[in-house]
């Protein structure tokens, strides 16, 4: 029996789809059987980020409306891993095309066949959100260290707690340690104090994410990506709950910066030189 | 013409509780009430009756209509429940017991005049904590004199909320509210009495709804931009240093919300 985890946030654009793609790929890389379910009907992105958009034949709405034989017909096997599949959303329909009860039934079916079912939740707290959480056992809340994102995450956690559902854990995404040190970005402690849920991982801001999305190759596969490294750690924690504690990956200073530091010259002076 | 239900009845251990909707014409509600009594004669003559007026402000004329109707039908009125201080005084003056009780059928009134604030839309899945059922028996209270107001205030029911209120969650209660946790930004506490938060207040707190005099807000950490007491909204921006990391009490002083360090 597998675990059904919904990746949600409230606020849009914080990194839910990126997180779902990376966590799914990471879990597959670790040998687990995974299905990724895109619940963002009408604005589907998960297929793009995985590079699988050209292979879509049937989608979630077709499955629910029984236009195809079963969910198996709609599953798309990943390009790189045999043990990972995608169930895409429909692009030309809207979120009310699916009901929460239908999602519950589908998740129960998927749970029998896979170790992990990851659901990419749409932004918001309306019908799409309620569809996505209906069949889930656990929730991963993705947020940024930024006031609007944290406020919306608090709202979502409140909604989940009110239904006594999902045992939420937090991923703090797009973290810039330099800005945090300068006090220009909310610190992890600030976020913890407001949200008061366990942190599953901290993912730094990384330019390589953009390239990864455009190419359809999740960053977790790139050994040189800091965000990828963070996602690999989170995957480790998902597969082994007693794994290492959370650490922020700091940017490795450039070669010249290290030379200046070794010589005892401050960065401002070096830049004027 | 479809008639609306302005009056609902409920059987409780202490007798019959009749709720009268706050926002309908009172005379019509009393007429429906009379009809209900006629249909359930045995019930009404056998059990004590309490009437819940919610936040409706009942004037002398309306009070007369109600009491006359009950007198005509031969129904004994045990007491009334009302969140409006003026209404309670009015009934007590006529020798009818009155207590603060629950917030009644309709939406909670956001101002002391009882005008309703827009409720959250029906679609929102938020879970406001519900007020407990009204007390089954009206406690024995003689006509309240000014000297006894302190004792009556102590007897006001208090709700204990044993968790942090997250954004979008709302607690409303006719008595006092104590929160063992934080009130996060976007959360609301609305109380007829005092509001005491043993944690951080970043959300909206409204005490003294319904006109209770001397209502206070107490917080271990008051970060919220505004505090509402009764009719007054105070913008207690944390300009003064002592607002952070110190227990603060807010109350009305000369028509404004004033804060003082608590415990000093």
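The values are calculated or read from the model by the stated rules, or taken from the named source; none is laboratory data. For clarity, every value in this text was computed on a predicted model and none was experimentally measured. No Cβ is skipped: glycine too gets one built from the backbone with ideal geometry, and neighbour counts run over all protein chains shown.
Below are the figures for this structure:
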{"quantity": "Among (1) modelled with pLDDT of 95 or more; (2) within 20 Å of residue A:238 (Cα to Cα); (3) within 14 Å of chain B (Cβ to nearest Cβ), the one test that residue A:116 misses", "calculated": "(3)"}
{"quantity": "Selection count where residues are at pLDDT 85 or above and part of a loop (DSSP other than H, G, I, E, B), scope region B:236-254", "calculated": "2"}
{"quantity": "Qualifying residue in region A:84-96 (condition: touching a residue at least 24 places away in the same chain (Cβ under 8 Å), within 16 Å of the chain's Cα centre (by Cα), within 14 Å of chain B (Cβ to nearest Cβ) and closer than 23 Å to residue A:18 by Cβ)", "calculated": "no"}
{"quantity": "Top-ranked residue in region B:224-235 [being crowded, with 18+ Cβ neighbours inside 10 Å and in a loop (DSSP other than H, G, I, E, B); ranked as modelled with the lowest pLDDT]", "calculated": "B:224"}
{"quantity": "Condition check for residue A:190: within 14 Å of another protein chain (Cβ to nearest Cβ), touching a residue at least 12 places away in the same chain (Cβ under 8 Å), over 19 Å from residue A:3 (Cβ atoms) and surrounded by fewer than 19 Cβ atoms within 10 Å (Cβ to Cβ)", "calculated": "yes"}
{"quantity": "From the options A:157, A:133, residue that is within 12 Å of chain B (Cβ to nearest Cβ), touching a helix residue (DSSP H, G or I) at 6+ places or on another chain (Cβ under 8 Å), more than 21 Å from residue A:191 (Cα to Cα) and part of a helix (DSSP H, G or I)", "calculated": "A:133"}
{"quantity": "Check on residue A:110, in a helix (DSSP H, G or I) and at pLDDT below 95", "calculated": "no"}
{"quantity": "Set A:172, A:142: member being under 17 Å from the mean Cα position of the chain (by Cα), surrounded by 21 or more Cβ atoms within 10 Å (Cβ to Cβ) and in contact (Cβ under 8 Å) with a residue 60 or more places away in the chain", "calculated": "A:142"}
{"quantity": "Helices (runs of 4 or more DSSP H) enclosed by region A:37-77 - at least 3 residues per element that are farther than 18 Å from residue A:96 by Cβ and under 17 Å from the mean Cα position of the chain (by Cα)", "calculated": "A:46-50"}
{"quantity": "Residue in region B:192-210 that is loosely packed, with under 15 Cβ neighbours inside 10 Å, away from chain A (no Cβ under 14 Å) and within 23 Å of residue B:98 (Cα to Cα) present", "calculated": "no"}
{"quantity": "Condition met for residue A:184 (more than 15 Å from the chain's Cα centre (by Cα), free of Cβ contacts under 8 Å to residues at least 24 places away in the same chain and assigned to a loop (DSSP other than H, G, I, E, B))", "calculated": "yes"}
{"quantity": "Residues within region B:169-191 that are within 14 Å of chain A (Cβ to nearest Cβ), part of a loop (DSSP other than H, G, I, E, B) and either surrounded by fewer than 21 Cβ atoms within 10 Å (Cβ to Cβ) or in contact with a strand residue (DSSP E or B) (Cβ under 7 Å, 6 or more places away or on another chain) (or both), tallied", "calculated": "6"}
